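Q: There's a structure below that I have some questions on.
The values are calculated or read from the model by the stated rules, or taken from the named source; none is laboratory data. As the structure is a computational prediction, the values presented were derived from the model and not from experiment. Note that we place each Cβ from the backbone using ideal geometry, even for glycine, and neighbour counts take in every protein chain shown. With ligands, DNA and RNA removed, areas are computed over all heavy atoms of the protein, side chains included. Shrake-Rupley method; radii C 1.70, N 1.55, O 1.52, S 1.80 Å.
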Amino acid sequence: MNLKDEMMKQFQDVDVIKTKEQITEDIQYLMKQGQRYICYEARFLTEEIKKSVEDDGFTVTPYSDIHSDKQGLELIKISW
C-alpha cells in the first residue's frame, strides 16, 4: 500500500469514529427528549457504521417520506 492509500484509510477511520461518536450523542439527546428514532442521509452511514449501530441494539432501516422523495434523498432510520 502506498503512502496516499495509507493516509486516505487513516482519514476514513477518523471520519468513521467521529460519525459514530456524533450518532451516539444524537441518540442520547433524543432518548432524553422522548423521541423514538432519528434519520440520517444514507451517504453518511457506511456499512461499518450501520453494523456497529445494529450491534449496539438499534434497528437500522431505509426510510422515505413525501419530502425526502421530492428532494431525492436516501434516508436511513435508526430506531430504539
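Q: Would you pick out the residues in region 55-80 that are farther than 23 Å from LYS9 by Cβ and charged (D, E, K, R)?
A: Across region 55-80, the qualifying residues are ASP56, ASP65, ASP69, LYS70, GLU74, LYS77.
Q: Within region 1-47, work out how many residues are among the basic types (Lys, Arg) and over 25 Å from GLY72 (Cα atoms).
A: Going through region 1-47 one residue at a time, the tally reaches 4.
Q: Hey, could you check region 30-52 for residues that are assigned to a loop (DSSP other than H, G, I, E, B) and without any contact (Cβ under 8 Å) to a residue 24 or more places away in the chain and say which is surrounded by the most Cβ atoms within 10 Å (Cβ to Cβ)? Don't jump to the end; show me each part of the working.
A: As a first pass, look at region 30-52 and keep what is assigned to a loop (DSSP other than H, G, I, E, B): 34-36, 45-46.
Still in the running and without any contact (Cβ under 8 Å) to a residue 24 or more places away in the chain: 34-35.
Numbers: GLY34: 6, GLN35: 13.
For region 30-52, the residue satisfying everything is GLN35.
Q: Still on this model: Being modelled with pLDDT of 95 or more and acidic (Asp, Glu), is that true of even one residue in region 2-21?
A: Looking through region 2-21, none of the residues is modelled with pLDDT of 95 or more and acidic (Asp, Glu).
Q: Only one of ASP65, ASP5, ASP69 is free of Cβ contacts under 8 Å to residues at least 12 places away in the same chain and either open to solvent by 90 Å² or more (accessible area, probe 1.4 Å) or touching an Asp or Glu at 6+ places or on another chain (Cβ under 9 Å) (or both). Can you tell me which?
A: Details: ASP65 fails: either open to solvent by 90 Å² or more (accessible area, probe 1.4 Å) or touching an Asp or Glu at 6+ places or on another chain (Cβ under 9 Å) (or both); ASP5 fails: either open to solvent by 90 Å² or more (accessible area, probe 1.4 Å) or touching an Asp or Glu at 6+ places or on another chain (Cβ under 9 Å) (or both).
ASP69 is the lone residue from the list that is free of Cβ contacts under 8 Å to residues at least 12 places away in the same chain and either open to solvent by 90 Å² or more (accessible area, probe 1.4 Å) or touching an Asp or Glu at 6+ places or on another chain (Cβ under 9 Å) (or both).
Q: Checking the conditions here, which among ASP26, ASP55 is surrounded by 11 or more Cβ atoms within 10 Å (Cβ to Cβ), at negative phi and without any contact (Cβ under 8 Å) to a residue 40 or more places away in the chain?
A: Criteria check complete, one pass: ASP26.
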